[in-house]
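A quick write-up on the structure given underneath.
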Amino acid sequence: MTPDAATSPLTLVPVGWVVLAGAIVLGLAWLAAIVDGVATSRSEASPAGLGRPLREVARLMRQRRRTTVEADTPLWRTGSSGLLVIATLMVIVVPLGSWTVFDPPVGVVWFNAMDVCVWALVWLTGWGPNSAHGLVGGYRFLAQALGYELPLMFALVAPPIAAHSLRVGDVATAQHGLWFVVWMPVAFLVYLIGVLGFSVWGPFSAAVGADVAGGVEAELSGLDRLLFLTGRYALIAAGAAFAVPMFLGGGAGPLLPGWLWVLVKTIVVLTALVLVRRRLPLLRPDLFMEVGWLWLLPAALAQVLIVSVVAAWRG
Amino acid sequence: MTLQTVLLVAAALFSIGLYGAISQQVVVMVMMGLELMINGLILAAASFWWFLSPDPSGQVLLMVIIAAMTVEMAMGFAVATLLHRDHEADMTDMAGDLSE
Amino acid sequence: MFVDILFWVMAVVAVVMGAAVFVVDSMARATYALALSFVAVGVQVLLLHQDYVGVIVILMMVMEMAVMAVYMVMFMGMNPALMPMSMVHDKRKALAASTALFVTLAAGALLVPWPTRRGTPSADTTRALGEALMSSKMLVMTVVSPVMVATIVAGVVIASKRSRYDRLGDDLRGAPDDPQRGGVGR
């Protein structure tokens with residue numbers, strides 16, 4: 001990467017701060033789990049939703065690992081533990097106020113490359129245990145990924161066109177006064193659909209569906225299951241965090257400092273994404289594929305066209 | 001990291017790819033060999049650009065290589081699917097009628 | 001220093017994983033070994049200051065290998081569990097040819113008197129690439145785009161089992177006779 005800090009509006013902090021980025025990801029994942037736990041408790045009318053994630057962590061950490069015959073252990077472990085790593089690699093390009101750990105000139109493409117890695121990891125988690133349910137789940141995810149990925153890519157193209165830069169910091173600062181979400185609502189919506197897609201969450205959780213005994217998650221147990229579930233929450237968190245500099249004005253906001261605004265906006269988007277699970281039905285991947293290619297992709301392309309015309313007109 | 005060392009790595013990748021492309025029997029494995037050869041090409045082109053002539057437009061060549069690779073993969077998968085459906089063939093030796 | 005270490009680590013990963021593709025006895029492992037090899041080359045391209053191309057190589061190749069794995073399982077015609085697979089022909093000749101090629105290329109790389117560097121890289125290589133593609137090298141863009149479209153169309157035509165005549169009847173006026181209806185109510 002060409003480090004030219006001169007053109008960037010951000011302060012680059014030393015690499016060691018990546019630990020803080022990881023801690024924030026874990027914290028947000030924890031928060032997402034609590035939100036989901038509270039919502040689940042309320043719908044089941046059972047008490048103590050706040051403690052749900054903690055109990056689940058304690059249970060999984062004590063659980064013995066289940067093994068399967070002829071499992072491909074290295075690939076399996078890579079898949080189940082990789083999601084958390086990918087979420088962290090996504091978050092490090094998100095500027096926290098005016099600081100950033102990693103500020104590549106192609107930050108938006110970087111985020112996109114990381115979310116594509118989820119394709120590999122989810123499929124590997126399904127493949128690893130040598131189980132039919134897992135593999136069915138893995139295939140379901142790939143089919144769904146083919147549906148959401150192209151619309152997501154074009155949705156991610158719109159803000160950089162308006163900002164004339166692929167650098168995440170530039171995109172954030174380019175929207176002073178008017179957030180991109182206001183005049184690119186379609187791109188924002190398609191982006192959120194993509195986030196739900198790569199987090200295997202809500203309407204896009206067919207890959208871990210109950211009808212295939214948990215699919216990709218079917219054979220996961222103990223620590224592996226904990227890492228995979230945390231990774232899913234972390235991916236939603238990373239998607240929500242990346243929406244802030246892309247569409248929601250980055251750290252812009254009154255009174256509070258920039259870094260706090262980034263966190264507040266992230267938490268709002270994250271909560272909405274987590275709660276959407278109880279509002280929307282499951283989408284079958286084979287049906288969603290056509291929705292993605294015939295509706296979402298043209299909609300995202302039309303959005304990019306409008307943004308390009310506006311950007312060219314502004315000069 | 002000099003031009004020579006990067007080219008050596010690229011040559012190694014290209015040669016391994018060639019080995020795979022001519023020795024493998026299964027169509028998809030042959031494609032993996034071709035991919036590896038193109039992998040070496042990408043690295044060689046990138047190093048030529050940076051070490052010999054880093055002018056602004058030289059990177060376009062890399063984009064062409066990547067585009068060529070996607071075309072190769074897409075057509076490869078399509079033909080492999082067709083072969084499999086029509087002949088139940090998954091090996092290059094079984095697709096003899098393509099050479100007649 | 002750091003760049004050199006990273007380069008050598010990535011070089012070793014790229015070559016070892018590339019060789020592993022034809023050594024390991026599992027389809028998934030072979031495919032993802034190739035994916036790792038590509039990621040390592042992508043990082044090396046990043047070290048050679050081509051940010052956009054490097055990240056794009058990683059993005060495209062991980063995606064492509066995820067799809068490739070499905071084709072491997074589909075077309076290898078064997079139980080997808082770990083099974084020994086050695087499906088090669090003319091192994092010795094292939095080995096000799098590739099070794100000879102490597103020696104030739106390596107000799108070329110080391111012995112050719114490479115010219116000295118001409119020109120200087122621009123400060124923002126991504127912007128330079130974009131401007132080249134959209135101005136002086138526009139022809140490349142205008143040629144690649146129709147080729148890509150043709151590839152998509154040709155790929156679908158070759159691979160799809162049922163044409164629109166199978167779906168809609170000879171006069172293309174019948175109701176689609178699909179085993180599964182699509183998601184947008186067609």
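No value in this document is a laboratory result; all are computed from the given coordinates. None of the values given here were measured: they were computed from a predicted structure. Cβ atoms come from the backbone with ideal geometry, glycine included; neighbour counts cover every protein chain shown.
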Sole exception among (1) in contact with a helix residue (DSSP H, G or I) (Cβ under 8 Å, 6 or more places away or on another chain); (2) more than 16 Å from A:GLU217 (Cβ to Cβ); (3) β-branched (Val, Ile, Thr); (4) surrounded by fewer than 23 Cβ atoms within 10 Å (Cβ to Cβ) for A:VAL69, by number: (1)
Among residues of the stretch C:13-25, those that are surrounded by 21 or more Cβ atoms within 10 Å (Cβ to Cβ) and of a type outside the set (A, V, I, L, M, F, W, C), counted: 1
Top-ranked residue in the stretch C:92-144 [being of a type in the set (D, E, K, R) and assigned to a loop (DSSP other than H, G, I, E, B); ranked as nearest to B:PHE48 (Cα to Cα)]: C:ARG117
Of all residues making up the stretch C:154-185, the number that are surrounded by 10 or more Cβ atoms within 10 Å (Cβ to Cβ), of a type outside the set (Gly, Ala, Ser), in a loop (DSSP other than H, G, I, E, B) and within 14 Å of chain A (Cβ to nearest Cβ): 4
Residue among C:THR126, C:THR104, C:THR142 that alone is more than 7 Å from chain B (Cβ to nearest Cβ), touching a residue at least 40 places away in the same chain (Cβ under 8 Å) and within 30 Å of B:MET75 (Cβ to Cβ): C:THR126
